[in-house]
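Notes follow the structure.
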Amino acid sequence: MTTEIEFGLNSFGDVPSDAGRTLTDPETVRLLVDEAKLAERVGLDVFSLGEHYREGHVDSATPVLLAGIATATERIRLGTAVTVLSTNDPVRLYNEFSTLDALSNGRAQLVLGRASQTQSFPLFGYELEDYEHLFEEKLDLFMKLQREMPTTWQGTVRSPLTNQTLHPTMRPGGIPTWIGVGGSPESVVRAARYGLPLMLAIIGGQPERFAGHVDLYFRALEQFGLPRLPVGQHALGLIADTDEEAAETWWRSWEPLVTQMGRERGFYPPTRDRYELELATGALFVGSPETVAQKIVRMTDELQINRFDLKYDIGGLPVDARARTIELFGTRVAPRVRELLAEKADDREQQPVGATHE
Amino acid sequence: MSEPTPSLPTVGILGAGKVGTVLSRLLLSAGYRVLIAASGDPSRIALIVDVLAPGAVALTAAEVAREADVVILALPLGKYRSIPADLLEGKLVIDAMNYWWEIDGIRADLDDPRTSTSELVQDFLPASRVVKAFNHMGYHDLDEGPSAAGAADRKAIGIAGDDDAALTEAAALVDAAGFDPVRVGTLRDSVSLQPHSELFGANLPAAGVRDAAARFSSTERGREVAAARAGAPALRPR
């Protein structure tokens, strides 16, 4: 049962449009700083950036961007969504994020994943088919660096470390580190094994399908003798004043994007019917503040989430639609979800002892 | 969890990922006894199976191959050569795999329009009867989509194979899992169920699957496959 929830914004550094003109990459980089400032102003808890190496995305140097945001904000926490650990050097990553944490006065965090996009593998000289092994070993090293400094480590994916101390050294225990999971049960168990909170990336289909994964995560934590840890959900969406406006605006960017993805991966373009279904019962959080808030509350029941991250940017989306989403997410959706959760908690308290809960 | 129905064949599933666990659930609820394996020690997937496919039995891949009457392949296609071929002799083997370069790496052998990937699997399992099935529907649609036979708008799964009896057995399994089986041709034709074909990702009733299969040869991908097959000898002449 969720009583408290935090809200994050996720960006993949998608290049937007403004009055029909596509922004340049440098303009998009600077826009992200402004959007993070707006996110802070409207009271959101976390701002996170992805890591991509392809046209239409400017989030390739995530820690550099986050450092820029750190000096322009004061309170909002700064994270990733997700860091492709498999093709990063854990030592380098440690240095970047311990520096970010120092610079931001303890606001740095991470979501680590195997990534659903693969451009970083050839770019940095890795073989795609090694992605599982790379992730496993590098997670082992990265968590060791965060939890046991000085660190001694030996593996196959980089040179060994002997009694190594890194500077600036992270706060004791390291920074909050989540594991991003796209549906692989083994990844869920791995997050539990390392005692790390779980971020479910749910980008298609009915989100409640992941209830089994949440059960699996809690059961695995139990088996490893660990306490319950938070579960978060990463979703795509857009918030506008009305459901109709949100649905139309999102479709204009989403349709070409999914068509392109389909071309790369071999599936056919989305139909409008399929889209409507994704809006009604699926993974897209597109709608008015009330629609999106109600859907998030449903997720707190079905997936027991205590963190909800909205990816608000999608290629070509107008800058004002992005800004409006951030604003409504912070000023309308977040308070409304908290209000609905408080009402539910009150209802439960008023139930007579012994009443059955669903 | 209901007890398995003794008259039904025992189903083995190789692969305990997204597709393997969903198929396990579907067949368990249809009354089948389900054995499941990932690569390596079954204890590694014990908890996963217990939570996501309660009632299935986690074993090694060799044990699953030996004990099951029918084996479904739900492992990454790139690893098909790790399948215990000798233990599958004479058995119905259902190929639910797809070439997914993000997992398998870039593999020209798995992306050759002249040869369907199920033909490669059949070559690797010469003494088994291979049927392509359960591959074209996304695993979340598989999970959300099953319904009783005869239900309006029941979703369908295209199946393809060279052996009529094997196709009949596979069709029964698809039906039991909650989908209408639709025959779309031979293993060679199963390219119409693969990535880049209209049916890949399709979540349609039987008529929709039948129509899409029928017009495959006139689609861009269909013409590309035909041209490749006409222009040069297949990697695997039949």
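Any read-out appearing in this document is the output of simple, stated calculations on the displayed coordinates, not a laboratory observation. In this text the structure is predicted, and so the values were computed from the model without any measurement. In this analysis, Cβ positions are derived from the backbone assuming ideal geometry, glycine residues included, and neighbour counts consider all displayed protein chains.
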Expected vector for the stretch B:158-170, Karplus 3J(HN,Hα) from phi with 6.51, -1.76, 1.60 and θ = phi - 60°, integer Hz, x for Gly and Pro, equals x, 10, 8, x, 9, 10, 4, 5, 5, 5, 5, 5, 5
Over its alpha-carbon atoms, the stretch B:76-231 yields an Rg and a Dmax in Å of 15.0, 45
If each part is reduced to its alpha-carbon centroid, the stretch B:90-156 and the stretch B:1-21 end up apart, in Å, by 17
Note: B:104-112 gets an average of partner chain Cβ contacts (10 Å, Cβ to Cβ) equal to 2
Counting only DSSP beta bridges fully inside the protein assembly as shown, the antiparallel percentage to nearest 5 is 10
If A:VAL64, B:VAL51 are placed from fewest to most neighbouring beta carbons inside 10 Å, the sequence is A:VAL64, B:VAL51
From the Cα centre of the stretch A:264-324 to that of the stretch B:158-218, the distance in Å is 31
Scalar couplings 3J(HN,Hα) for the stretch A:2-15 by Karplus 6.51 cos²θ - 1.76 cosθ + 1.60 (θ = phi - 60°), nearest whole Hz, x for Gly and Pro, are 8, 10, 10, 9, 10, 10, x, 10, 10, 10, 9, x, 5, 6
Yeah, the stretch A:1-133 with a ≥ b ≥ c from its alpha-carbon gyration tensor (a/c under 1.5 is rounded, else prolate when a/b outruns b/c, oblate otherwise) is oblate
Simple spin-label estimate for B:ALA62/A:ARG298, 7 Å along Cα→Cβ, in nm, reads 4.9
Between B:ASP162 and residues 5 or more places away or on another chain, the pairs with built amide H atoms under 5 Å apart involve B:LEU187
Placing each pseudo-label 7 Å from Cα in the direction of the beta carbon, B:ALA152 and B:ALA165 end up separated by a distance in nanometres of 4.1
Amide H contacts under 5 Å for A:GLY180, restricted to residues at least 5 apart in sequence or on another chain and with H modeled in the peptide plane, are A:LEU112, A:GLY113, A:MET199
Of A:341-348, A:22-29, B:22-29, ordering from highest average Cβ density within 10 Å down gives B:22-29, A:22-29, A:341-348
Taking every residue of B:50-61, the Cβ atoms of other protein chains inside 10 Å of its Cβ average out to 2
A correct fewest-to-most ranking of A:HIS133, B:HIS136, A:HIS213, A:HIS167 by other Cβ atoms within 10 Å would be A:HIS167, A:HIS133, A:HIS213, B:HIS136
Note: B:196-202 gets an average of partner chain Cβ contacts (10 Å, Cβ to Cβ) equal to 4
Counting sequence-distant residues (5 or more places) and residues on other chains, those with an amide H built under 5 Å from that of A:LEU78 are A:PHE47, A:ALA108, A:GLN109
Quick calc, the stretch A:6-350, dipole around Cα centre from Cβ unit charges on Lys, Arg (+) and Asp, Glu (-), nearest 20 debye, gives 760
For the A:LEU277, A:THR162 Cβ pair and Förster radius 45 Å, calculated FRET efficiency rounded to 0.05 is 0.20
For chain B, longest principal axis from Cα atoms; helix B:220-231 axis from its Cα atoms; angle between them, nearest 10 degrees, is 70
Highest mean packing first, using Cβ neighbours within 10 angstrom, the peptides A:241-250, A:173-182 sort as A:173-182, A:241-250
Two pseudo-spin positions, 7 Å from Cα along C-beta at B:ARG44 and at A:THR3, lie apart in nanometres by 4.1
Surpassing 28 Å at the alpha-carbon level, of the pairs A:LYS295/B:LYS132; A:LYS311/B:LYS18; A:LYS344/B:LYS18; B:LYS18/B:LYS91; A:LYS138/A:LYS295, are A:LYS295/B:LYS132; A:LYS344/B:LYS18; A:LYS138/A:LYS295
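Of all DSSP beta bridges located in the stretch B:76-231, what percent are antiparallel, nearest 5?
25
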In debye to the nearest 20, the charge dipole size for the stretch B:76-231, taken about the Cα centre with +1 at each Lys and Arg Cβ and -1 at each Asp and Glu Cβ, equals 240
A correct Karplus calculation of ³J(HN,Hα) over the stretch A:299-304, with 6.51 cos²θ - 1.76 cosθ + 1.60, θ = phi - 60°, whole Hz and x for Gly and Pro, returns 5, 5, 6, 7, 10, 6
For B:ASP104, B:ASP180, ascending order of other Cβ atoms within 10 Å (fewest first) is B:ASP104, B:ASP180
